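Input: a single structure, listed below in structure tokens.
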Amino acid sequence: MNKQQLAAKIWESANRMRGRVDASEYKDFILGFIFYKYLSEKEEQFFLGEGMTAVDIEQLAEDEKDTVGYTQNRLGYFISYQNLFSTWVKAGNDFAVSQVYEALSAFSRLVSPIYKNVFEGIFITLQTGLSKLGDNTGSQTKAVRDLIHLIQTIPMTTRQDYDVLGYIYEDLISKFASNAGKKAGEFYTPHEVSVLMADIVAHHLRSQDNIRIYDPTSGSGSLLITIGDAVKRRMGDEDGIAYYAQERNQSTYNLTRMNLVMRGIKPANITVRNGDTLEEDWPHDESDLSGAYDPLYVDAVVSNPPYSQRWDPEGKENDARFAYGVAPRSKADYAFLLHDLYHLKPSGIMCIVLPHGVLFRGGEEGAIRRNLIENDKIAAIIGLPANIFFGTGIPTIIMVLRQKREESDVLIIDASKDFEKVGKNNQLRSSDIRRIVDTVTARQTVEGYSRLVTKEEIRDNDYNLNIPRYVDSSEPAEMWDLYASMFGGVPVQEIDALGKYWEALPGLCEELFDTANGHCAQPRCADIADVVWGHESVVGYMGRYGDAFSGLRRQLVATLIGNWEQVDAPSAEASVASEIFNLVEPFALVDKYDAYQVLDNAWSVIAADLEMLQTEGFDAARKVDPEYVFKKKGGKDVEVQDGWKGHVLPFALVQEVLLDAEASQLRALQDTMSRLNGECETLKDELPTEDAEEEEAEESCDLTDEEIAEKQKELASLQKKLKGLKKEVKAQDSLLEEKTREAIESLTDEQVYELLEAKWVAPLMDDLNALSQASIERLIKSVSALEEKYKDTYADVAEQISEAEKELDAMLGQLVGDEFDMLGIAELRKLLGGE
């Protein structure tokens with residue numbers, strides 16, 4: 001299975017296994033064991049690379065001082081054979097939880113003195129928390145053994161496997177965060193926000209060869225790693241990046257270190273500290289007794305600090321970090337910001353996530369904001385959607401700052417309305433991220449979305465940076481034209497508001513509207529859709545769009561399928577995105593970011609398949625895997641096989657392309673079965689229910705006894721036929737599944753290429769082509785809405801009301817009653833204008 005499927009399987013199993021243990025605690029156990037497996041297998045691979053055999057590795061012991069020292073110098077740690085993760089697995093039922101305690105204690109003793117800051121105490125949370133996995137040693141042993149065997153399924157022997165490991169680790173952190181509520185904010189920044197910040201930072205640092213990046217509130221380290229990955233893709237040398245991280249919470253600090261190490265970052269490139277960022281600034285060296293002050297200056301600072309946290313500002317006015325002001329005791333937001341800014345090189349860039357209130361709150365914060373603006377430190381402000389972070393629904397922003405920049409204006413972006421709903425949270429889509437990054441890097445004004453604001457205007461607003469003051473992203477209020485409401489027709493002004501359509505489709509407006517009046521136009525046609533789709537400008541537009549993208553299909557087939565072994569998925573996606581942007585540019589009705597989202601949606605499938613093919617070889621496309629489901633057995637969930645599935649190629653796709661006749665025959669049987677089911681349900685509804693009382697049944701049923709008997713006979717016949725049909729469908733389904741399995745296992749290379757094109761390229765091209773059709777459908781909807789809006793004039797409505805009143809008056813005239821009833825009716829008829 002690919003890494004996404006494996007991550008989902010491990011999460012499902014882990015979440016089931018944790019039982020009553022809180023998600024925020026259980027994550028420390030599973031992530032700790034994953035990290036220990038990584039260290040163990042890395043050591044084994046190291047020794048095999050040094051020429052040792054498996055038998056030699058079995059002799060590794062703590063008392064071999066030379067071997068221990070050599071390993072410490074190369075890896076930063078040493079693990080004896082008896083304490084390796086693989087040794088635990090081999091122990092099977094003889095494994096005991098005491099082995100874990102012994103191994104973790106030994107690991108602490110055998111950490112290299114040089115890399116103590118990377119490894120020392122890294123398993124303390126795991127060591128002290130294992131007792132929560134059971135009430136006694138036996139239950140703890142079982143829980144840990146189950147966890148170890150689950151983690152053993154994660155491959156870690158090749159470079160690709162380490163990428164899988166990193167992906168699974170990140171995926172687990174994300175899922176545990178979504179289950180941890182408010183506690184999630186302590187250790188996790190949503191991946192989409194990390195990617196957004198990473199792309200902004202990486203673009204700024206794209207020409208540098210050696211880079212220092214720093215996260216002073218590092219959490220799990222995911223934000224720092226995402227920044228590093230983005231920078232690495234552009235510079236090409238992962239060893240040229242130095243990582244600095246600080247985190248106050250001990251267990252979260254351990255997550256940072258584990259995450260950095262497991263991403264293959266050399267210990268020499270990792271500098272981490274466990275401490276309060278605001279109280280213990282970075283240049284604190286416990287080994288330097290002279291107390292020398294050696295400030296840390298980096299190329300990029302990224303952080304997602306705790307929002308509006310209380311802190312102690314006493315004496316901080318003399319701290320060099322807070323030269324622009326001291327944040328108030330009740331809100332440390334600007335304290336974190338100024339700390340980040342202080343550690344930034346003149347050429348560097350920083351991104352920080354903050355609550356929306358930092359843009360407009362007064363007092364000490366207002367003074368700091370004024371100083372930052374006057375000194376040209378704030379480059380951009382990005383308003384994010386609400387409810388985007390785990391554990392809090394408050395609106396947040398990303399502030400981009402520079403120590404030294406040529407501009408004095410501030411780019412303000414309102415991206416608060418661009419997201420998709422995922423579960424309980426909102427989430428940035430890839431197209432939303434790309435739109436923001438493009439806007440930031442180009443520093444462009446986009447109506448209703450972004451604006452470059454001068455320092456003078458900000459001064460005039462008393463340094464208030466509240467986004468709605470500068471960018472109006474609200475939907476315009478609907479207007480009603482008085483003349484059109486009284487006399488009919490569609491206001492020319494509202495037709496002109498659809499100007500981008502008329503410009504792209506010349507002659508269509510005149511075909512739809514008679515604009516002789518000058519103020520209002522009269523609709524020319526009854527069926528808007530027919531006229532629009534049949535108009536030569538629309539036909540030409542759709543044809544040109546299709547022609548423009550036909551070449552892309554050939555290019556994708558040649559690049560992705562013909563050259564699958566050499567494709568670098570991230571680079572290839574970036575290249576295809578640029579090509580799509582170029583192709584879309586002449587077609588103003590299609591938003592290039594919608595096209596980008598279509599590409600990204602398709603690419604998640606393409607990239608996963610490419611990874612499997614490149615890792616396992618081309619024959620991976622000819623493999624099938626058992627399909628497992630959980631079923632209740634003896635009161636327990638047991639995983640059992642339930643059919644087969646394609647390793648790369650879905651059964652449904654293979655059936656559609658290679659076994660269409662058999663699949664169509666099965667669908668016909670299933671349709672017949674569905675129809676018979678419906679007929680049975682209809683007959684059951686017509687017949688009296690068996691559990692109803694006899695008198696009730698007779699009252700609720702209009703059928704005679706003969707008709708009831710006839711329908712019961714008909715129902716019995718249908719049910720008999722349905723029973724036989726179900727058996728036939730089951731047999732045909734099993735036969736088709738077996739034929740599909742055989743077909744996949746015997747595919748020729750040409751058939752694999754054909755199926756990969758059908759899976760990767762065809763859906764992408766269909767969705768790209770659908771964008772132009774959707775743009776025309778939006779026009780039809782808009783024109784129809786305009787015509788409907790002014791279809792009934794005020795005179796028409798008044799006449800309808802008058803007619804209704806006359807009809808009501810006539811009906812009232814036919815009523816009879818006592819003296820008082822008739823007086824009331826007479827008064828009502830008088831109000832209606834009747835007698």
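Of the conditions (1) closer than 30 Å to residue 749 by Cβ; (2) loosely packed, with under 15 Cβ neighbours inside 10 Å; (3) not basic (Lys, Arg), residue 624 clears all except one; give me its number.
(2) is the only condition that residue 624 fails.
Scan region 537-549 and tell me whether some residue there is surrounded by 14 or more Cβ atoms within 10 Å (Cβ to Cβ), touching a residue at least 12 places away in the same chain (Cβ under 8 Å) and under 28 Å from the mean Cα position of the chain (by Cα).
Yes.
Checking the structure you have, find out if any residue of region 453-460 is farther than 30 Å from residue 175 by Cβ, of a type in the set (Val, Ile, Thr), touching a residue at least 40 places away in the same chain (Cβ under 8 Å) and in contact with a helix residue (DSSP H, G or I) (Cβ under 7 Å, 6 or more places away or on another chain).
The answer is yes, given that some residue of region 453-460 is farther than 30 Å from residue 175 by Cβ, of a type in the set (Val, Ile, Thr), touching a residue at least 40 places away in the same chain (Cβ under 8 Å) and in contact with a helix residue (DSSP H, G or I) (Cβ under 7 Å, 6 or more places away or on another chain).
Are there any pairs, at least 6 apart or on different chains, whose C-beta atoms fall under 7 Å, with the first in region 575-590 and within 18 Å of residue 767 (Cβ to Cβ) and the second among the aromatic types (Phe, Trp, Tyr), and if so, which?
577/596; 580/596; 583/549; 587/545; 589/501
Where residues in region 54-66 are surrounded by 12 or more Cβ atoms within 10 Å (Cβ to Cβ) and of a type in the set (D, E, K, R), which of them is nearest to residue 118 (Cα to Cα)?
Per the stated criteria, the residue is 62.
Can you go through 76, 32, 69, 51 and tell me which one is in the same structural domain as residue 155 (by TED's automatic domain parsing) and more than 27 Å from residue 117 (Cβ to Cβ)?
After applying the criteria, what remains is 51.
From the list 434, 459, which residue is outside any loop (DSSP other than H, G, I, E, B) and more than 25 Å from residue 371 (Cβ to Cβ)?
Of 434, 459, the one residue that is outside any loop (DSSP other than H, G, I, E, B) and more than 25 Å from residue 371 (Cβ to Cβ) is 434.
Please work out if residue 271 is at pLDDT 90 or above and part of a loop (DSSP other than H, G, I, E, B).
Answer is no for this residue.
Within region 778-829, which residues are closer than 25 Å to residue 527 by Cα and among the β-branched types (Val, Ile, Thr)?
780, 783, 793, 797
Let's see how each residue does on (1) acidic (Asp, Glu); (2) outside the structural domain of residue 493 (by TED's automatic domain parsing); (3) on the phi > 0 side of the Ramachandran plot; (4) in a helix (DSSP H, G or I):
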{"position": "783", "(1), (2), (3), (4)": "no, no, no, yes"}
{"position": "799", "(1), (2), (3), (4)": "yes, yes, no, yes"}
{"position": "803", "(1), (2), (3), (4)": "yes, yes, no, yes"}
{"position": "808", "(1), (2), (3), (4)": "no, yes, no, yes"}
{"position": "811", "(1), (2), (3), (4)": "no, yes, no, yes"}
{"position": "816", "(1), (2), (3), (4)": "no, yes, no, no"}
{"position": "820", "(1), (2), (3), (4)": "no, yes, no, yes"}
{"position": "823", "(1), (2), (3), (4)": "no, yes, no, yes"}
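So for region 470-490 (the condition being assigned to a helix (DSSP H, G or I) and at pLDDT 90 or above), does at least one residue qualify?
no
Go through region 621-655 and report how many residues are more than 20 Å from residue 4 (Cα to Cα) and in a loop (DSSP other than H, G, I, E, B).
Going through region 621-655 one residue at a time, the tally reaches 2.
Look at region 785-797 and say how many of its residues are of a type in the set (D, E, K, R), part of a helix (DSSP H, G or I) and surrounded by 12 or more Cβ atoms within 10 Å (Cβ to Cβ).
2
Does residue 253 satisfy being free of Cβ contacts under 8 Å to residues at least 60 places away in the same chain, part of a strand (DSSP E or B) and within 18 Å of residue 336 (Cα to Cα)?
In short, no.
Quick one: which of 746, 802 is surrounded by fewer than 17 Cβ atoms within 10 Å (Cβ to Cβ), out of contact with any Pro (no Cβ under 8 Å at 6 or more places or on another chain) and modelled with pLDDT of 85 or more?
746
Quick one: which of 227, 200, 211 is surrounded by 20 or more Cβ atoms within 10 Å (Cβ to Cβ), farther than 19 Å from residue 304 by Cα and either out of contact with any strand residue (DSSP E or B) (no Cβ under 9 Å at 6 or more places or on another chain) or in contact (Cβ under 8 Å) with a residue 24 or more places away in the chain (or both)?
Residue meeting the stated conditions: 211.
Conditions (1) modelled with pLDDT of 70 or more; (2) surrounded by 18 or more Cβ atoms within 10 Å (Cβ to Cβ); (3) under 16 Å from residue 15 (Cα atoms), marked per residue:
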site: 148; (1), (2), (3): yes, yes, yes
site: 152; (1), (2), (3): yes, no, no
site: 167; (1), (2), (3): yes, no, no
site: 172; (1), (2), (3): yes, yes, yes
site: 186; (1), (2), (3): no, yes, no
site: 190; (1), (2), (3): yes, yes, no
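Of the numbered conditions (1) in a helix (DSSP H, G or I); (2) more than 23 Å from residue 254 (Cβ to Cβ), residue 40 fails exactly one; give the number of that condition.
Condition not satisfied by residue 40: (2).
The values are calculated or read from the model by the stated rules, or taken from the named source; none is laboratory data. On a predicted model such as this, the values are computed, not experimentally measured, just so you know. Heads up, the Cβs are rebuilt from the backbone with ideal geometry, glycines too, and the neighbour counts pull from every protein chain shown.
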